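Following: one structure in structure tokens, then a few remarks.
The values are calculated or read from the model by the stated rules, or taken from the named source; none is laboratory data. Here the structure is a predicted model, which means the values were calculated and not measured. Quick reminder, even Gly has a Cβ in these numbers, built from the backbone with ideal geometry, and neighbours come from all protein chains shown. Just so you know, the surface numbers come from the protein's heavy atoms only, side chains and all, with ligands and any DNA or RNA stripped out. Shrake-Rupley method; radii C 1.70, N 1.55, O 1.52, S 1.80 Å.
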Amino acid sequence: MRIAILTEGDGEFKALPRLYPQLREAIPRSTILRPLKVATTPYAAPGTIAQQCISRLTIAKSQQADRFILLLDREQQDKCSGVIADSISSQIIKKISLPPKSLYVVLKDRTFENWLIADPDALRSQRARFRLTVAFERAAGRGGSDRADALSLLKAVAVGSDYDKIEDADRICARQSIGKVASNSRSFRHFLHAIGHPDYQDQCRQPVRVDDTQPASRRARRG
């Protein structure tokens with residue numbers, strides 16, 4: 001399987017490939033292509049978002065992709081992620097021919113920063129750059145990262161220069177464990193489900209306990 005990831009976020013565009021080695025270990029028979037940047041906004045109408053994805057989906061098809069994942073922020077929209085995703089998916093299918101059941105629209109709840117705070121150890125390991133607080137630990141852990149004001153938390157714990165949404169995202173992703181992120185973010189678990197991670201093939205409501213000392217491929221075989 002060849003997987004194309006489309007994203008409207010600059011941070012995701014640069015930082016997500018940092019997670020690819022762990023994802024490839026979990027799904028070794030798949031190829032994850034470099035992200036494709038979509039010039040859109042989560043607040044645009046579904047038909048507009050779909051239209052703005054067409055050129056990038058065409059590129060992905062030319063790269064022989066057979067699974068397509070569109071990553072968007074939910075931001076402050078009140079509608080549930082599933083309703084938003086379904087409306088965008090239906091509009092995309094109307095505009096471009098894709099293999100059946102090959103398109104996944106995944107909404108980060110609420111932003112990419114909510115995924116970045118979901119593994120506090122990734123920030124804790126960078127003591128010269130981040131100094132975690134009790135408030136950060138309380139908000140980011142125990143499955144609560146999707147509900148937190150993640151950008152404010154990151155700005156509050158940044159040491160020295162202001163938090164940078166691109167460069168700091170890259171630094172954090174380079175140190176993240178996808179298992180730890182999944183344990184604290186349901187929307188990230190949905191992304192793992194979409195990408196074909198065996199631990200989330202059938203469900204993404206509940207996190208799967210993982211032993212981070214073992215390779216993901218071994219955990220998958222054991223499961």
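Of note:
- Taking residues in the range 189-210 that are touching a residue at least 24 places away in the same chain (Cβ under 8 Å) and farther than 18 Å from Pro21 by Cα, and partners anywhere that are buried (at least 19 other Cβ atoms within 10 Å of the Cβ) and of a type in the set (Asp, Glu), the pairs with Cβ atoms closer than 8 Å and at least 6 places apart or on different chains are Val208/Asp199.
- Glu12 being surrounded by fewer than 20 Cβ atoms within 10 Å (Cβ to Cβ) and in contact with a Lys or Arg (Cβ under 9 Å, 6 or more places away or on another chain): no
- Residues in the range 163-193 that are surrounded by fewer than 22 Cβ atoms within 10 Å (Cβ to Cβ) and aliphatic (A, V, I, L, M): Ile166, Ala174.
- Residues that are part of a strand (DSSP E or B) and under 16 Å from Ala182 (Cα atoms), drawn from the range 104-116: Val106, Leu107, Lys108
- Selected residue (criterion: most open to solvent (accessible area, probe 1.4 Å)) from residues of the range 59-113 that are among the acidic types (Asp, Glu) and modelled with pLDDT of 95 or more: Asp86
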